[in-house]
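Computed from the coordinates by the stated procedures, all read-outs in this text should not be read as laboratory data. Worth saying up front: this structure is predicted, and the values here are computed from it rather than measured. FYI the Cβ positions are ideal-geometry reconstructions off the backbone, even for glycines, and counts take in every protein chain you see.
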Amino acid sequence: MPNSPSSMVNQYRLEEDEEEEQQQDADTKDIFITVDNPESHVTAIETFIMYRVLTKTTRSEFDSSEYEVRRRYQDFLWLRSRLEENHPTLIVHPLPEKFVMKGMVERFNDDFIETRRKALHRFLNKISEHPILSYSQHFKVFLTAQELTSHKKQGPGFLSRMGETVRAVANSVRGLRNRPEEFTLMQEYVEDFSNKICSVDKVTQRIIKEQREYLDELKQYDLAEPLKGVARCVEGCSKETEEQIQHLSEVLVPALHEYVLCAETLKAVMRRRDNIQAEFEAKNEALASRKPENQELQEEVDGLADRVELANNALKGDWSRWQKGMRTDLKSAFISTAEKNVDYYEKVALYRLASACSTTQLWSTEAAEWIFQEEID
């Protein structure tokens, strides 16, 4: 006799200490953000979606306790780029890709918009829960300003961004000579995590594809008249399979894909940290080769040393916070999927059992009629 869904899932419930930490975080939360009400806008040049962003807060830094603004996807990109520029070694949660689930946009436009809305909602709430990023002036502007055009113009110019890119490329080519062991281990963890989460994401996508093909096959058969029991089984299995696909698409796939993007974010953070250290090492070597000692270069090296230390401390502090959030998010998604799968297979088993009984009864009736006819003949 199989275990009930509740008895199986109870083995995988979140630990009590994690639940207590989540409750404490909820009690101390002072910014509440909702992304909803997507509206399509069509211009002569483009078509885009505007989302309503509702904010309620008790922070004294805000002039009001409630705000309502409308933002498009490009505005979210602007916010994330500003946060990364100002905090290069903090882990800024990823945004959904510009085109999610290519090939599904035209057929399931409403699903596409809803999937993106949920991802944007999670993005803003992840920032609001961050002990440093939530106090960013750019984040405050994003939540409160009716128009962002003037604020976007205040960012670094093209030449400044190009200079940063050139320096980053030069440092990456030069490479590091003395990366601290803890960051080497962190880099190895990120690479391993990236490979595994990408594999799980691909497997999940393949499962959904196979389930859709299975659903299409179930709908091809018209067995209502000759085998009503089998027809009811097919109809029931079809309904349950459709619900399972929807659950996977709405719960597991977004969570997995979000952390696929997170893995790329982590790699970028590690590269930026390495670039800071590489720049320090290059200046330090230049100082050692100069005779007599160059006071200006010495001050520059001292400043870079402080910058390396700040970058290291920022990343180490953010690392454990990110890992805890990642484990909670993925565990929740996997538990929810396990619950749905157990429920799905138990219901399908019942449908098949009912169908088998009905089919057996049908065969018995046909056999009896055949025997009766033979005796008459």
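Annotations for the structure displayed:
- Restricting the stretch 32-136 to GluC sites (Glu not before Pro) that sit in a DSSP loop and have at most 11 other Cβ atoms within 10 Å of their own Cβ leaves GLU46, GLU61, GLU106.
- Taking a straight line from the alpha carbon of LYS324, these lysines sit under 26 Å away, with near neighbours fewer than eight places off in the same chain left out: LYS29, LYS56, LYS118, LYS126, LYS140, LYS196, LYS202, LYS267, LYS316, LYS340.
- Simple spin-label estimate for GLU242 and ALA288 in nanometres, 7 Å along Cα-Cβ: 7.0 nm
- Listed by chain and number, the lysines placed with their C-alpha closer than 17 angstrom to that of LYS219 are LYS209, LYS228, LYS239; residues fewer than eight positions away on the same chain are left out.
- Cα centroid separation - the stretch 268-344 against the stretch 106-150, whole Å: 24 Å
- Net lengthening on full extension, GLU250/VAL348 (0.36 nm per residue, minus Cα-Cα): 33.2 nm
- Between LYS196 and LYS29, the modelled label-to-label distance comes to 2.8 nm, taking each label 7 Å out from Cα in the direction of the beta carbon.
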